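A short write-up of the structure that comes next.
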Amino acid sequence: MNRPLVRFLLLACCVISPAAAQRAPLPPGPGKDVVEAGCATCHSLSYIPMNSRFLTPEVWKAEVTKMRTAFGAPIDDDAANAIIAYLVANFGAPSK
Amino acid sequence: MLRRDVLVGVGALVGHKASAATMPWLSPDLPDGTRTEAHLVQVPGKQPLIQLSDRPPNLETPVQAFRTAITPNDQFFVRYHLAGIPDAKKLDGWKLEIGGDAAERSVAFGMQQLNDLPQTEIIAVCQCSGNRRGLCQPHVPGVEWGYGAMGCATWHGPMLRDVLKSAGIKPEAVEIWLNGVDEPVLAATPAFHKSLPLARALADETIVATSMNGAPLPLLNGFPARLIVPGWTSTYWMKHLSNITISSKPIDNFWMTKAYRVPAGMFPVADPFTTQNNAQTWPITGMVVNSLIASPIAGEQVDRSGFTIRGVAWDRGNGIARVDVSLDGGNSWQGALLDRELGRFAFRTFRLATGPLPRGTAELRVRATSDSKETQPDAWKVNPAGYHNNVPQRLTVTVV
């Protein structure tokens, strides 16, 4: 099967039902590279969009802290802050 | 072109083994991000399952599979916490080792020695503690499961009790610690270790399953041996079971002391896990009564002359007393017919033939009541990890 046809079908299925979309790459934005470097070691990045958009900035911060303290994610404070800012902006609960 | 080809092609494009297809029936109550992330994927040995993550694999069974009391092996859900999961090669030469400070001696079992012990068989529901977390209101972080992080199978193997006795249990034993072959990616992450209170480990129904529905366990469901703890959520059903420690002390591990806990006293507990209780939280243990409609599915068109509603109900082993179904969003309820019971820990199938219905949309709901008189609450008892969500399922169908 040729590529353009596949792409067409993929698009068609997304139009019919967004629930069927393949995992989209993380949206561009400041901190994306830090997330990709720091958050994909132990599990796929799907854990992030799966948990959206309902987490407040405090809870995203707590999640990143949990990854570092409970699970031993090797991420320094600067990287953690960049990651939290990116997650809040792109995957946080819409502000009321 | 065959539809099959299309699915395989799409899978190849994104690097999956197989398919992506539409799931219009996915619950609208899941977080938007989960609905976008989830897609049907076919991994080796399985029918297409709803993938929530690929590393580690977290794969959910579509609701359509719950029209029968037994969930087929190739549709059984998959749940791992840590991405270091074993392949067949790693499990070659597998042994189950038993020891510990409260064991008389250390022993090791291969598959043949396990098969030489007296065998027992039980039909039991295996349900992830976090099943339906994604449907919790408010949403809480975790793997955002819909309805399908569960299944019911016929499990076969020796009783854990007989395995433990071969090592000899000293009087000071309080907990049985469990470990499997899966491991964390980084050494800094706590390995997935769990424990059981001694009484639960010695119970008749707690077995070391070496077969599932008459076949070896699928790799992703714990091959070659998995612990079965009927009535309790599957966090205790250690897969690829490799080490059992008979211990005089409570285990101190993240997955027992920090994770898999519920607020003290929030849910009914038949046999408490006192060595792991603290003032604020208790470990999650027995399942709460629950039910699911598997036919029709959300969004399906049903006939105005009437149709049959089918599904399953279960609890932690008290048994199902009744299942009620509503066709009008919970205003009125009718008792469904219960099929014969396959054992108190098994799915109990039910059916209800509706009368004629007016055209339009109908909101179906289902609610089970156990023999211990527990029933499903209208609102989820909010707890931080999203456990025990047994709010009656609701789904909308179109009457045509």
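Things to note:
- Residue in the stretch A:48-56 that is open to solvent by 40 Å² or more (accessible area, probe 1.4 Å) and assigned to a helix (DSSP H, G or I) present: no
- Residue check, B:A201 at pLDDT 95 or above, crowded, with 20+ Cβ neighbours inside 10 Å and over 19 Å from B:L59 (Cα atoms): yes
- Picking from residues in the stretch B:79-97 that are assigned to a strand (DSSP E or B) and away from chain A (no Cβ under 14 Å), the one that is most open to solvent (accessible area, probe 1.4 Å) is B:E97.
- Single residue of the stretch B:329-374 satisfying the filter (open to solvent by 60 Å² or more (accessible area, probe 1.4 Å) and of a type in the set (D, E)) that is nearest to B:N390 (Cα to Cα): B:D371
- The number of residues in the stretch B:112-144 being over 11 Å from the mean Cα position of the chain (by Cα) and within 24 Å of B:V289 (Cβ to Cβ) comes to 13.
- Residue match in the stretch B:184-197 (condition: among the aliphatic types (A, V, I, L, M), touching a strand residue (DSSP E or B) at 6+ places or on another chain (Cβ under 6 Å), in the same structural domain as B:A270 (by TED's automatic domain parsing) and part of a helix (DSSP H, G or I)): no
This table checks each residue for (1) modelled with pLDDT of 95 or more; (2) under 22 Å from B:T120 (Cβ atoms); (3) open to solvent by less than 10 Å² (accessible area, probe 1.4 Å); (4) not hydroxyl-bearing (S, T, Y).
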residue	(1), (2), (3), (4)
B:F223	yes, yes, no, yes
B:I228	yes, yes, yes, yes
B:T233	yes, yes, yes, no
B:W237	yes, yes, yes, yes
B:T245	yes, no, no, no
B:K249	yes, no, no, yes
B:D252	yes, no, no, yes
B:W255	yes, no, no, yes
B:R261	yes, no, no, yes
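- Residue count, the stretch B:50-62 (criterion: within 16 Å of the chain's Cα centre (by Cα) and within 14 Å of chain A (Cβ to nearest Cβ)): 8
- Filter result (within 14 Å of chain A (Cβ to nearest Cβ) and on the phi > 0 side of the Ramachandran plot) within the stretch B:98-151: B:G142
- For the stretch B:32-47, filtered to residues that are assigned to a loop (DSSP other than H, G, I, E, B) and crowded, with 21+ Cβ neighbours inside 10 Å, the residue that is nearest to the other protein chains (Cβ to nearest Cβ) is B:A38.
The values are calculated or read from the model by the stated rules, or taken from the named source; none is laboratory data. Predicted model, so just to flag it, every value in this text is computed and none were measured. We place every Cβ from the backbone using ideal geometry, glycine too, and count neighbours over all the protein chains shown. All accessible areas refer to the heavy atoms of the entire protein, side chains included, with ligands and DNA or RNA removed. Shrake-Rupley method; radii C 1.70, N 1.55, O 1.52, S 1.80 Å.
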